[in-house]
Amino acid sequence: MEQLPTSMKTVRQLDPHSTTLTLDPATPVPETNEEYTHLLQVKATSPCLGELHWAAFFPDPTRERSPGTEASAIVVASPPDSPFQPGVEVFYRMFVGPTGLPVPGCLREYTTARQDTLARKPRNLSWEEAATVPLSALTAWQGLFDHGTLDGAALTDGSSEARAGNAKVRVLITGASGGVGLWLVQLAAAAGAGSIIALCHPSKADAVRARGATEIVPYTTQTITAWADSHEPVDLVVDTVGGQILDSTWAAIRTGGTILTIAPSGGVKRPAGVTKEVAKAEWYLVESRGSELEQIAKLLEEGKVSPNLDSVFDFEDYEAAFEKVQSRKTTGKVAIRVSV
């Protein structure tokens, strides 16, 4: 193993109540411990919309306030029995949750990770492309196949029975041109969903159709409620927007259907006057599962899905990268190149 530096560049969020970021040019390189057993050299990371507010809304004294929850990286050090030995190229979404140990972010030159969050980086992806995948793809995967009603065996096992069942499912996706939305569209299409209705800005319609949407609802000229008046109801809603958009999906869901959201409102509330009964209406939070990321990597290498890279910024331009994410004027994800 090459001699490690004693210090590294790290971007820090010093005040959890402020979105101001500071570059620290000489942070000590982190050490592994009994939980975070792998030391990684970060190649690229991807900012998440709203993540600079998480420290204030969800205070965690063990969280090191360095942004970036997903990355592509090279393993620098690992236990001898790990499948991810030094030199292996990986991508991952960091574990987020109470552990009692500091949870390091990814907007730094080196970081540490749990083994169960890691997966081998797809060979056909650049570092920047790979860094944009884990959070959005895992969120979409778990929404459709773990919490939702599509059968993931159509992808993991190639099950024709699962694909036939999925062909009967109508899915409505809101915020379909965003980082998670594009993955929802792609994975639903790859799994053989019968209809994929995508709510997005009309300027993003072509990109969303190219990922597999069968119908576009252009939210600037048509509401979901108006669309529902002249179309068959859907079986599954996966919402990434929240607010009035989420409320309006009750008009489109069938009785006995499922409504899911990842919006930070924290739940799905039945709008006043709505009496329709559904099987499930809930908010869910992504879990960092390397095993599912391995399945996604396989689909990427087979060309069945594609990364959604909007733009790339150099490490020193991290503020501009976050500003672009917060503008909501991207198609897919933004990447920050950490090391070359």
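The values are calculated or read from the model by the stated rules, or taken from the named source; none is laboratory data. Owing to the predicted nature of the structure, the values given are computational and were not obtained by experimental measurement. Counting neighbours? That spans all protein chains shown, and the Cβs are built from the backbone with ideal geometry, glycine included.
Across segment 151-179, which residue is farthest from the chain's Cα centre (by Cα) among those that are charged (D, E, K, R) and surrounded by fewer than 21 Cβ atoms within 10 Å (Cβ to Cβ)? Give the derivation first.
Initially, segment 151-179 is screened for residues charged (D, E, K, R), giving 151, 157, 161, 163, 168, 170.
With surrounded by fewer than 21 Cβ atoms within 10 Å (Cβ to Cβ) added as a condition, the list becomes 157, 161, 163, 168.
Details: D157: 23, E161: 28, R163: 24, K168: 26 Å.
The selected residue is E161.
Would you confirm whether any residue within segment 68-86 is within 18 Å of E323 (Cβ to Cβ), out of contact with any helix residue (DSSP H, G or I) (no Cβ under 8 Å at 6 or more places or on another chain) and without any contact (Cβ under 8 Å) to a residue 60 or more places away in the chain?
no
Check segment 158-168 and report whether any residue there is at pLDDT 95 or above, among the hydroxyl-bearing types (S, T, Y) and part of a loop (DSSP other than H, G, I, E, B).
Yes; the residues of segment 158-168 include at least one that is at pLDDT 95 or above, among the hydroxyl-bearing types (S, T, Y) and part of a loop (DSSP other than H, G, I, E, B).
Within segment 113-122, does at least one residue satisfy the condition of being without any contact (Cβ under 8 Å) to a residue 12 or more places away in the chain, out of contact with any Ser or Thr (no Cβ under 9 Å at 6 or more places or on another chain) and assigned to a loop (DSSP other than H, G, I, E, B)?
no
Among the residues of segment 313-323, is there at least one that is assigned to a loop (DSSP other than H, G, I, E, B), at pLDDT 95 or above, of a type outside the set (G, A, S) and in contact with a helix residue (DSSP H, G or I) (Cβ under 6 Å, 6 or more places away or on another chain)?
The answer is no; no qualifying residue exists.
Quick test of your reading of the structure: R209 fulfils all but one of (1) part of a helix (DSSP H, G or I); (2) closer than 22 Å to P307 by Cα; (3) more than 20 Å from the chain's Cα centre (by Cα). Name the failing condition by number.
(3)
Q244 versus (1) farther than 25 Å from T132 by Cβ; (2) not in a helix (DSSP H, G or I): which is the lone unmet condition?
Single failed check for Q244: (2).
Please enumerate the residues belonging to segment 123-150 that are over 17 Å from the mean Cα position of the chain (by Cα) and either of a type in the set (G, A, S) or part of a helix (DSSP H, G or I) (or both).
Across segment 123-150, the qualifying residue is only S126.
Checking the structure you have, find out if any residue of segment 249-257 is buried (at least 17 other Cβ atoms within 10 Å of the Cβ), closer than 20 Å to S177 by Cβ and touching a residue at least 24 places away in the same chain (Cβ under 8 Å).
yes
Go through (1) within 16 Å of R170 (Cα to Cα); (2) in a loop (DSSP other than H, G, I, E, B) and name the single condition T258 misses.
(2)
Kindly establish whether T117 is under 16 Å from the mean Cα position of the chain (by Cα), hydroxyl-bearing (S, T, Y) and within 19 Å of V90 (Cα to Cα). Spell out how you get there, then give the answer.
Details: under 16 Å from the mean Cα position of the chain (by Cα): yes; hydroxyl-bearing (S, T, Y): yes; within 19 Å of V90 (Cα to Cα): yes.
When the stated conditions are applied, T117 passes them.
Output yes when any residue across segment 280-294 is closer than 30 Å to H231 by Cβ, modelled with pLDDT of 95 or more and loosely packed, with under 14 Cβ neighbours inside 10 Å, and no when none is.
Yes, segment 280-294 has at least one match.
Which condition from (1) closer than 17 Å to A131 by Cα; (2) in a loop (DSSP other than H, G, I, E, B); (3) of a type in the set (D, E, K, R) is the one that K43 breaks?
Failed condition: (2).
Pull up segment 31-57, narrow it to residues that are of a type in the set (G, A, S) and in contact with a helix residue (DSSP H, G or I) (Cβ under 9 Å, 6 or more places away or on another chain), then point me to the one that is modelled with the lowest pLDDT.
Applying the filter and picking the extreme gives G50.
Might you check whether a residue that is buried (at least 17 other Cβ atoms within 10 Å of the Cβ), out of contact with any Leu (no Cβ under 8 Å at 6 or more places or on another chain), of a type in the set (A, V, I, L, M) and assigned to a strand (DSSP E or B) occurs anywhere in segment 98-111?
For segment 98-111, residues buried (at least 17 other Cβ atoms within 10 Å of the Cβ), out of contact with any Leu (no Cβ under 8 Å at 6 or more places or on another chain), of a type in the set (A, V, I, L, M) and assigned to a strand (DSSP E or B): present.
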